[in-house]
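Working notes, structure below.
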Amino acid sequence: MSRAGFSDGTSDVFDVNGGRPVRYLSFQLKRDTPEEYIAYANYIILGALAAGQSRQQMSGSTIVDLRSFDGLDIKGVVGDVHTTIPLCLERGESFETFNEKFDGWYKQFESGINFNHLLYRDYPRVQDMHRTFEHDLDDNLKVSSSFLGAIREQEIPAMLEELKASHAILQNFSTHKLYASIFYTGKQLIIVPLSQPILSEEFITRLGGVIHHENKSK
């Protein structure tokens, strides 16, 4: 894997949103499958962060509930079977270009390759030969997103409150990473930033997004 977008940057501190915190972003769904929802949401997150922080590249990762692999179907398995997929976006690239890359990454993991499993199978001991990859594919990634799947529209307020509890912790946990949760309901895609680096409002609104701010009175 190219180191483009994964170079040393853990010391980089993001410019933080000093105004009203962003509660969530909403977009009308124009895609067909959950995989495309994941790709589109991460395109928005990475693109808005790259533009908001004036970065040419933005790296990240997204957590997905991948249960279908080549020659193995574990849809009936109860419990957490998440997979973390690394991402990289070049500022200004189209969603079509990013989605093509994402499809390749996704298919790679569907084939059974899981870099994090190799890195952390003996955790907390990490082999010396894997330290560089641990940095590139974990510590140095600038975005960490999690896809929560579909929820009912009436569950949105409770979900937002639940995620808000994570906000205060993650806001102080890292000054060089954006944490975000993604879910959808009906025809609406919701992105919830759990930490508050500056995102480009122009990038978000150009894609038809609506920015919902926290109410100062709360």
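Here is a yes/no grid of residues against (1) polar (S, T, N, Q); (2) without any contact (Cβ under 8 Å) to a residue 40 or more places away in the chain; (3) surrounded by fewer than 20 Cβ atoms within 10 Å (Cβ to Cβ):
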{"position": "Arg20", "(1), (2), (3)": "no, no, yes"}
{"position": "Ser26", "(1), (2), (3)": "yes, no, yes"}
{"position": "Leu29", "(1), (2), (3)": "no, no, yes"}
{"position": "Ile38", "(1), (2), (3)": "no, no, no"}
{"position": "Gly47", "(1), (2), (3)": "no, no, no"}
Open item on the list: Given the criterion surrounded by 12 or more Cβ atoms within 10 Å (Cβ to Cβ) and modelled with pLDDT under 80, identify the matching residue among His117, His135.
Closed with: His135
Open item on the list: Against the condition at pLDDT 90 or above, aromatic (Phe, Trp, Tyr) and open to solvent by less than 10 Å² (accessible area, probe 1.4 Å), how does Phe183 come out, does it pass?
Closed with: yes
Task: Any hit, segment 27-40, residues being modelled with pLDDT of 85 or more and in a strand (DSSP E or B) - done: yes
Open item on the list: Anything in segment 58-93 that is among the aliphatic types (A, V, I, L, M), modelled with pLDDT of 70 or more and touching a Ser or Thr at 6+ places or on another chain (Cβ under 7 Å)? List them, or say none.
Closed with: Ile63, Val64, Ile85, Leu87
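The values are calculated or read from the model by the stated rules, or taken from the named source; none is laboratory data. The shown structure was predicted, so the numbers you read here are calculated from the model rather than taken from an experiment. For neighbour counting, all protein chains shown are included, and Cβ atoms are generated from backbone atoms with ideal geometry for every residue, glycine included. For accessibility, only protein heavy atoms count, side chains too; no ligands or nucleic acids. Shrake-Rupley method; radii C 1.70, N 1.55, O 1.52, S 1.80 Å.
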